[in-house]
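See below for the structure under consideration.
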Amino acid sequence: MGDNGKLFISMYHYTRDLTHSRYPEIKGLNSSLFRKQMEFFRDNCNVVRMEQVIEAVQGDTVLPENAVLLTFDDGYVDNYTFAFPVLEEFGFQGSFFIPGKTFTTHQLLDVNKIHYILASADIAKLVVDVKEKMDYYRGQEFDYPSTQELWDKYAIENRFDGKEVIFVKRMLQTVLPEKLRNRISSDLFEKYVGVTEEQLAYELYMTPEQIRTLKRHGMFIGLHGYDHYWLGNLSPEQMREDISQALNIMDEFIDPKAWVMNYPYGNSNDDVLKYIKENGACLGLTTEVRVADIGKDNPLLLPRLDCNDFPPKSENYKKWL
């Protein structure tokens, strides 16, 4: 792979035995494929630790050739039960980015309500439901553009999802007013998912004890906001409040003078970058899709590839060799 400033950062979300799980349609990396991917990295790459990346960014060291960093978003318990034992077996460090809310108040993040609704519902029916609810609530206590206008603007497929899925995700993640998004997500969750939000929240996320165990075993723990908001879309006050709350909660797991931020949805802006830098962040991870170039990239805006960009899922990573 050549160039020593190059760093491939692989991003993981759900890592579980999808076939035998209660929601086989959830989008994740099957545990058998996770193991195969680790074998690929062992045989072809140098899996580096977050501490090495921080040192490389500070100019104190140079990364080995074919450097790969493994990052896990959202604090799912399957990262602990399926991924962690395999990481240990291979001698690899994983970096885990955990929204504060997941293990403190045990509330289901909106992003997860939406994942499970999408994994449980027929997408055509779901789009009809979402549009009906948008039409029903418009002009009552909430104001937003016409459904057609929003469809035209946001229903645009990306490399992993069709336009219907993207439309549902955008409406319920960020476009509609927050209070309304919560209401609609909860209605649809109740209609389609088959367990309560509380039950799923207790099943889905790691506990503080599990997070401590990861850290004790040499894994790296970083910040992923408190509430998993699109930080760049918040008012400056809300953004600062979310990040300070996360720093507070994650205090026992991080170095307050040199911590790593992973922006939920990859979303940030200049205010966010300035605020985290003033508060001790030394690196930031985005969802921009390319290989990172240490020394050239802004350390607070490092791009990542998805785990689906590497074997056994695909050979996409080769575009950046």
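Each value in this text was obtained by applying a stated rule to the coordinates, not by laboratory testing. All values reported here derive from a predicted model rather than from experimental measurement. A quick note on method: Cβ atoms are made from the backbone with ideal geometry, for glycine too, and the neighbour counts reach across all protein chains shown.
Quick check on the chain: helices-only [θ] at 222 nm, where DSSP H runs of length 4 and up contribute -39,500 (n - 2.57) each and the sum goes over total residues. Nearest 500, please. Let's see the in-between values first.
Details: 13 runs with 130 residues, N = 321.
Helices in the chain give a 222 nm mean residue ellipticity of -12000 deg cm²/dmol.
Rounded to two decimal places and with Rh computed the Kirkwood way over Cα pairs, what is Rg over Rh for the stretch 110-200?
Details: Rg = 12.5 Å, Rh = 13.2 Å.
Result: Rg/Rh = 0.94.
Apply the Karplus curve 6.51 cos²θ - 1.76 cosθ + 1.60, θ = phi - 60°, to the phi angles in the stretch 247-253 and return the couplings in whole Hz, x for Gly and Pro.
4, 4, 5, 8, 3, 6, 9
Quick one: divide the alpha-carbon radius of gyration of the stretch 184-321 by 2.2 N^0.38 Å and tell me what you get. Don't skip to the answer; put the middle values down first.
Details: Rg = 17.3 Å, N = 138, 2.2 N^0.38 = 14.3 Å.
Its radius of gyration relative to the 2.2 N^0.38 Å reference: 1.21.
From the P(r) of the stretch 220-272, could you give the percentage of C-alpha pairs in the tail past 13 Å?
On the way: 737 of 1378 pairs.
Value for the stretch 220-272 (Cα pairs over 13 Å): 53 percent.
Cut-off is 10 Å between beta-carbons; in what order do Tyr317, Tyr205, Tyr192 appear when sorted fewest neighbours first?
Values: Tyr317 20, Tyr205 26, Tyr192 17.
Placing the least packed residue first, the sequence is Tyr192, Tyr317, Tyr205.
Would you count, across the stretch 110-200, every pair of lysines whose alpha carbons are under 21 angstrom apart, provided the pair is eight or more residues apart or spans two chains?
27
Is there a quick way to get the dipole size of the stretch 1-123? I mean about its Cα centre, with the Cβ of Lys and Arg at +1 and of Asp and Glu at -1; what is the value in debye to the nearest 20?
Values: 10 positive and 16 negative charges, 65 e Å.
Value, rounded to 20: 320 debye.
Put one equal scatterer on each alpha carbon of the chain, apply the Debye formula with no solvent term, and list log10 I(q)/I(0) at q = 0.11 1/Å to two decimals.
One equal scatterer on each Cα of the chain leads to -0.70.
Antiparallel versus total DSSP beta bridges in the chain: what percent is that, nearest 5?
Numbers: 3 of 31 bridges.
Taking every DSSP beta bridge with both residues in the chain, the antiparallel ones total about 10 percent.
Quick one: helix 31-44 against the long Cα principal axis of the chain, what's the angle to the nearest 10°, folded into 0 to 90?
30 degrees
Give the angle, between 0 and 90 degrees and rounded to the nearest 10, that separates the Cα long axis of helix 110-120 from the longest principal axis of the Cα atoms of the chain.
Approximately 70 degrees, to the nearest ten.
Output the peptides 275-283, 134-142 sorted from most to least packed, where packing is the average of other Cβ atoms within 10 Å over each peptide's residues.
Values: 275-283: 17.8, 134-142: 12.7.
Ranked from most to least packed, the peptides come out as 275-283, 134-142.
Measuring from centroid to centroid over Cα atoms, what is the spacing of the stretch 125-191 and the stretch 221-240 in Å?
Cα centroid to Cα centroid, the span is 21 Å.
Given contacts defined as C-alpha pairs under 8 Å and at least six residues apart, what's the relative contact order of the chain, whole-number percent?
That works out to 22 percent.
Using the Karplus curve 6.51 cos²θ - 1.76 cosθ + 1.60 with θ = phi - 60°, what ³J(HN,Hα) values do you get for each residue of the stretch 21-28, in whole Hz, with x for Gly and Pro?
Values, residue by residue: 8, 5, 10, x, 7, 5, 8, x Hz.
Rounded to the nearest whole Å³, what is the per residue volume of the convex hull around the Cα atoms of the stretch 1-150?
Values: hull volume 29.0 nm³, N = 150.
With only Cα atoms used, the stretch 1-150 gives 193 Å³ per residue.
Work out the length of the dipole vector of the stretch 110-200 about its Cα centre, built from +1 on the beta-carbon of each Lys and Arg and -1 on the beta-carbon of each Asp and Glu, and round it to the nearest 20 debye.
Numbers: 14 positive and 17 negative charges, 35 e Å.
Magnitude of the dipole: close to 160 debye.
Take each of the peptides 158-170, 64-76, average the number of other beta-carbon atoms within 10 Å over its residues, and list them starting from the highest. Mind showing how you got there, number by number?
Numbers: 158-170: 16.3, 64-76: 22.6.
Put in order of decreasing packing, that is 64-76, 158-170.
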